[in-house]
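What follows is a single structure, written as structure tokens, with notes after it.
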Amino acid sequence: MIVNNQSSVNLLLFMTRGMSLAAWKRNGSLTRELALYERLAERGLRTSVISWGGKEDIAIAAAFPWLSVYFNTRGLARERYERLLPLIHALPLLRADIIKSNQINGADLALRCARFWKKPFIARCGYLWSNICAQQHPELLAGVQALEKEVFTHASLCVVTTEAIRDAVLRACKLPVEQVTCVPNYVPDYFYRVPPGDGAKPSIVTAVGRLSPEKNLFALIDACAGLDLTLRLMGEGEQRAELAARAVARGVRLEMPGNMPHQDLPRLLAESAVCVLVSLFEGHPKALIEYMACGRAVLGTKVEGIAPLIRDGENGLLCATDAASIRQGLQRLLADASLRRRLGQQAREDARRFSLERIAEQELDLYGKLPRSSFSASLGQGIRHCLGAAFRAARHRRIRRPTKPPPPGTSSSAEVSVRSREAFVEKTLAGIQDWLADKSPADALRLLFTLDQRLYALQGARAVAYDNGVHTKHRHTRYHDFFVKRLHPGERVLDIGCGNGFLAWDMAEKGGALVTGIDLAPENIRIARERFSHPRVTHIRGDALRDLPEGEYETVVLSNVLEHLPECAAFLRKALAALRPARCLIRVPLFERDWRVPLKKELGLEWRLDATHETEYTLESFAEEMDAAGLAVIHQEIRWSEIWCEACPR
């Protein structure tokens, strides 16, 4: 089904009750939470979410072409909204092939909607809500256990993150073993890009997570008292003020930077000598596997959720939950850099089983086991017809009805516009066909290709105006992703021929890189500085052929640049010698993009996408140029009739 990408699949995800895309963005987790669904979108899956947010979620979702969001647009009271939800969101529910919950809190609504519309339902939970209630809210325990049993028992498939949770669900609900599957939490790719080591600042100890009781942070602060270290607590929570006061009382240097974009987290972890998770209990802790993926030395407590991931003395250290035991573990790690390196290297290897690509494959296999949604033909078609008519009528009344009805026999302005456009096109085509009538095939083709070239230029100009100054190809081809996904936070990047600066902005904003953009055109630099300024981006007006910026860069980006240069191989050799990058990320147009290209060239017409191109590449000519420049290609792909390449100096 999805695995072969033969047809798109619609997934409807119910967010945790009370959660929204805006809340994910505020707490810094938006990129992380959507990473899986973005990867699945590459395989034909479209995701919609039922959110508890507002209009802000629409703007957030607009940045992800594969994502749609639905919420309580009418501002109904919570109880009434939940009661009417299967009807209020009937259209996305009807379109959905699979309905899925993100956590148990809110899964009851997802289950009710799935049963109402007879859809396959995946009950997913990263942790058992009842475990948290047993520790912190025993008065809610019975109700939550009943909810979990109801959801798990009636789900088409249950997905949990650890074998321990799976065993608990099987015991509590007496389900067949095949109904409960374990799919761990994943680690986004950017965590594996952090250089291995024992910490850029060997006195920093970092803990990531909510500042809440189950994280056992008071014991951690007590353990740090008297040690020469800085404790960095990343996150927000109800205990923030009390923790700060405890640190002052114990004389502990404490940093509390709060929440931040998740893609910035690897840079801060890379500075840490030790990363800790000293919770009283956990489900399948994302923070821990992210520490491991960064290759950090980890100290964790011997509790459920943490102990199964850490092999004491091999990929981390384990301790008890009391301050004295935590202190002993910290002292041992801080005193031994070689131990930190050894543990961190093994931790990174062990964390690869949680890579985004592997977890995405498990998700795909999971979806492939479920049948497509099925109504009886009469019920399904009848409901679709009635609801579709009702929604069309409502939309007509709300949006399209004119203030005054048009006089009988007249047409709407939209209908007149369509007829006028079609008439213009037909008249233009008739004139062209008359002109071609007595021409040879070669002359006819020359006229048509010349007209096509002019139309292509007009389309490009209008596409820029359509997206308010930025060509729609940035959005439709999503070509920035090739560069952004290959960067790690803090990486020094030189974007040669940066144009209007949009790509440089994305590499800084989404990839966390430190970017210098250089371009010859004053207008491009003006737009870049005015529209795409960013604290991690520097824009330089200059000719890279003569004046490369001073300094060394880890990555050089050449996006649609080489085709404009007369001596590409010589320029690349000069750049490699001056900048000493670890790699180049390159994008160039492919000559073999369309059958009309060689025909235009044969007819003596302009065949290039841009008349300023010195060349457009075949696979063979590109390989020869990389070899002449002293670059070894380590990755190459063809997308949107272009060559995309990652190459390293030989």
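Measuring nothing but how far apart in sequence close Cα pairs (under 8 Å, 6+ apart) lie, relative to its length, the chain scores a relative contact order of 9 percent. Using DSSP loop states and a limit of at most 14 other Cβ atoms within 10 Å to flag chymotrypsin sites (Phe, Trp or Tyr not before Pro), what is the longest stretch of the chain containing no flagged site? Counting only loop sites that pass the neighbour cut-off, the longest clear stretch is 1-594.
What does the charge dipole of region 413-462 about its Cα centre add up to, to the nearest 20 debye, if the Cβ of each Lys and Arg holds +1 and the Cβ of each Asp and Glu holds -1? Show your work: numbers first, answer last.
Details: 7 positive and 7 negative charges, 43 e Å.
In debye, rounded to 20, region 413-462 gives about 200.
Each part gets one Cα centre, and for region 26-64 versus region 227-286 those centres are 27 Å apart. Annotation: lysines with alpha-carbon distance below 21 angstrom to Lys55 (same-chain offsets under eight excluded): Lys25. Label sites at Ala444 and Arg650, each approximated as a point 7 angstrom past Cα along Cα to Cβ, lie 5.0 nm apart. Amide H contacts for Glu304 (H built 1.01 Å from N in the peptide plane; partners 5 or more residues away or on another chain; cut-off under 5 Å): Glu282.
Residue-wise HN-Hα couplings along region 524-540, as the Karplus relation 6.51 cos²θ - 1.76 cosθ + 1.60 with θ = phi - 60° gives them from phi, are 4, 5, 4, 5, 4, 6, 7, 9, 10, 5, 7, x, 9, 10, 10, 9, 10 Hz; Gly and Pro carry x.
Among rounded, prolate and oblate, which fits region 189-354 when a ≥ b ≥ c are the square roots of the eigenvalues of its C-alpha gyration tensor, a/c under 1.5 means rounded, and a/b larger than b/c means prolate?
rounded
Rounded to the nearest 500, the 222 nm mean residue ellipticity of the chain from helices alone is -13000 deg cm²/dmol, with -39,500 (n - 2.57) taken per DSSP H run of at least 4 residues.
Here the 3J(HN,Hα) profile of region 246-262, calculated from phi with Karplus coefficients 6.51, -1.76 and 1.60 at θ = phi - 60°, is 5, 4, 5, 5, 8, x, 9, 5, 10, 10, 10, x, x, 7, 8, x, 4 Hz, Gly and Pro shown as x. Students often get this wrong, so check it: of Lys118/Lys286; Lys574/Lys600; Lys118/Lys369; Lys100/Lys302, which have C-alpha atoms separated by over 28 Å? Flagged as over cut-off: Lys118/Lys286; Lys574/Lys600; Lys100/Lys302.
Between Met260 and Arg639, what length in nm is gained on full extension when 0.36 nm per residue of separation is reduced by their alpha carbon distance?
Details: separation 379, 0.36 × 379 = 136.44 nm, distance 3.30 nm.
Fully extending the segment from Met260 to Arg639 adds 133.1 nm.
Karplus-based coupling profile of region 173-186, in residue order and whole Hz: 9, 6, 9, x, 4, 6, 7, 10, 10, 9, 10, x, 5, 10, with θ = phi - 60° in 6.51 cos²θ - 1.76 cosθ + 1.60 and x standing for Gly or Pro.
Of the residues Leu170, Val248, Thr153, the one whose Cα sits farthest toward the positive end of the charge dipole of region 120-250, with +1 on the Cβ of Lys and Arg and -1 on the Cβ of Asp and Glu, is Val248. For region 413-462, the fraction of alpha-carbon pairs lying more than 16 Å apart is 57 percent, rounded to a whole number. Cross-link partners of Lys601 among lysines, defined as those whose alpha carbon lies under 20 angstrom from its own and excluding same-chain residues fewer than eight positions apart: Lys439. Taking 0.36 nm per residue of separation and subtracting the Cα-Cα distance, full extension of the segment from Glu139 to Ala245 would add 35.1 nm.
With just the Cα atoms defining each centre, how far is region 591-633 from region 526-583? Give it in Å. The two parts, judged by their Cα centres, are 22 Å apart. The amide H of Thr538, built 1.01 Å from its N in the peptide plane, has Val515, Thr516, Gly517 as neighbours under 5 Å, considering only residues 5 or more places off or on other chains.
Basic side chains Lys and Arg get +1 at the Cβ, acidic Asp and Glu get -1 at the Cβ, and with that the dipole of the chain about its Cα centre reaches some 2420 debye. Summarising the amide proton neighbourhood of Arg232: residues at separation of 5 or more, or on other chains, whose placed amide H is nearer than 5 Å comprise Val205, Thr206, Ala207, Glu255.
Toward the positive end of the charge dipole of region 183-255, with +1 on the Cβ of Lys and Arg and -1 on the Cβ of Asp and Glu, the farthest Cα among Pro213, Ala225, Val187 is that of Ala225.
Any read-out appearing in this document is the output of simple, stated calculations on the displayed coordinates, not a laboratory observation. Source: prediction; values computed, not measured. No Cβ is skipped: glycine too gets one built from the backbone with ideal geometry, and neighbour counts run over all protein chains shown.
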